[in-house]
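Data first, discussion second: the structure below is written as structure tokens.
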Amino acid sequence: MKLHRFFQKKSSGNIARDRLKILLISDRVNCSPEMMNMIKNDIAGVISRYMKIDEESMEVQITKKNNKGAARKSPFLYVNIPILDLSSAPHNKI
């Protein structure tokens, strides 16, 4: 994580957009925003053991889609994680 991003403030529009995304996603699959945040943090923690990632730009979505052979829609988890460096894991081991 870059140090300047830590001190950089998000605009109120960006914060509102992020909150709305979380609410829409959680409403679609009956998953609370707190649960979505815990999922995002857990995935980021595991992946960051193996490579350097941009956690601020990470996106997590849960949608429902028809699954082959299933009579009803099943939830699917999609995660978009920007990778900053594949060559080595960060030095902060968990």
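The values are calculated or read from the model by the stated rules, or taken from the named source; none is laboratory data. Computed from a predicted model, the values in this text were never measured in an experiment. In this analysis, Cβ positions are derived from the backbone assuming ideal geometry, glycine residues included, and neighbour counts consider all displayed protein chains.
If only residues of the range 27-52 that are outside any helix (DSSP H, G or I) and modelled with pLDDT of 85 or more are counted, the one that is nearest to V79 (Cα to Cα) is S48. What's the total number of residues in the range 33-71 that are surrounded by 12 or more Cβ atoms within 10 Å (Cβ to Cβ), within 21 Å of N14 (Cα to Cα) and among the polar types (S, T, N, Q)? Residues that pass the stated criteria total 3.
Taken together, L20, L77 contain a single residue that is in contact with a strand residue (DSSP E or B) (Cβ under 6 Å, 6 or more places away or on another chain), outside any loop (DSSP other than H, G, I, E, B) and at pLDDT 70 or above, which is L77. Of the listed requirements (1) at pLDDT 70 or above; (2) surrounded by 12 or more Cβ atoms within 10 Å (Cβ to Cβ), I83 misses just one: (2). Contact annotation: residue pairs with Cβ atoms under 6 Å, 6 or more positions apart or on different chains, pairing a residue in the range 29-54 that is more than 20 Å from D85 (Cβ to Cβ) with a partner that is part of a helix (DSSP H, G or I) and small (G, A, S), are S32/S26; P33/S26; M36/S26.
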